[in-house]
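Only one structure is covered here, and it is reproduced in the block below.
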């Protein structure tokens, strides 16, 4: 049993080293931080504190991929995230979707119909707790 645990821990450490080298995840203190990759549409340097690239906004938790439904507001977009839900009683899958309000920093642009990635962050306003990363 001890040998199996040692092997398992060794594999986990190797995976963590590979992830650090690839820049996928960073460890800061006790929690993992999702590293924001290169953003496609960077217009210029922005002075916004709520920007994951140029500002101090940290992402955490879930990363969603969805289609932009509405981009009419100034710094907000609405994305629709589709997922499959299993109904155990009937042993079937059903489609479900939810709409998430995301913050769009001034250095990025989105259009309706685009597929984007959004990461969870602290509350930015009453309805926004996610930020656009790609």
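The set of residues in region 77-107 that are loosely packed, with under 11 Cβ neighbours inside 10 Å and outside any strand (DSSP E or B) comprises 88, 89, 90, 91. Kindly establish whether residue 110 is surrounded by 12 or more Cβ atoms within 10 Å (Cβ to Cβ) and either modelled with pLDDT of 95 or more or assigned to a strand (DSSP E or B) (or both). Here the answer is no, as residue 110 does not meet what is asked.
The values are calculated or read from the model by the stated rules, or taken from the named source; none is laboratory data. Owing to the predicted nature of the structure, the values given are computational and were not obtained by experimental measurement. Positions of Cβ are generated from backbone atoms using ideal geometry, with glycine treated the same way; all protein chains shown enter the neighbour counts.
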